[in-house]
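Report on one structure; see the data block that follows.
The values are calculated or read from the model by the stated rules, or taken from the named source; none is laboratory data. No experiment lies behind these values; they were computed from the predicted model shown. With ideal geometry, Cβ positions are generated from the backbone for all residues, glycine too; neighbour counts draw on all protein chains shown.
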Amino acid sequence: MEAREAGGSPEKRRDNIKEVCTMFKVRTFMSPLKIFHTMEELSSLDDEVNAFVAEGGMKRIVSASDSCTTDDTGATIGIIRVIAYET
């Protein structure tokens with residue numbers, strides 16, 4: 001009875017639903033950071049990410065974030081960049 005009140009039988013409603021599948025993917029890039037070479041390594045990381053984006057195959061970038069990794073003394077030793085995108 002509820003199915004009829006909501007717009008017909010479940011089979012009829014299912015036929016009226018358009019399937020929309022949006023695929024989200026995540027890509028991770030990493031780079032070690034060495035003292036006195038940080039700008040070069042960040043530039044290299046930027047180039048790698050930009051090349052990936054330029055290859056295409058994505059509708060839009062949903063998120064981009066950076067996170068630093070540290071050693072046991074708290075010194076930054078690397079960077080991780082994560083890109084989430086829609087295909």
Practice item. Select, from Arg27, Arg14, the only residue that is modelled with pLDDT of 95 or more and of a type outside the set (Val, Ile, Thr). Key: Arg27
Study note, to complete from the structure: Checked pairs for the range 58-87, first in contact (Cβ under 8 Å) with a residue 24 or more places away in the chain and farther than 18 Å from Asp46 by Cα, second surrounded by fewer than 10 Cβ atoms within 10 Å (Cβ to Cβ) and not small (Gly, Ala, Ser), C-beta under 8 Å and 6 or more apart or across chains, list as Glu86/Thr22; Glu86/Met23; Glu86/Arg60; Thr87/Met23
Revision key, fill the gap. Those residues of the range 56-75 which are within 22 Å of Thr87 (Cβ to Cβ) and touching a strand residue (DSSP E or B) at 6+ places or on another chain (Cβ under 7 Å) amount to Met58, Lys59, Arg60, Ile61, Val62, Ser63, Ala64, Ser65
Point to revise | Failed condition for Ser67, given (1) among the hydroxyl-bearing types (Ser, Thr, Tyr); (2) closer than 16 Å to Phe24 by Cβ; (3) at pLDDT 95 or above | key: (2)
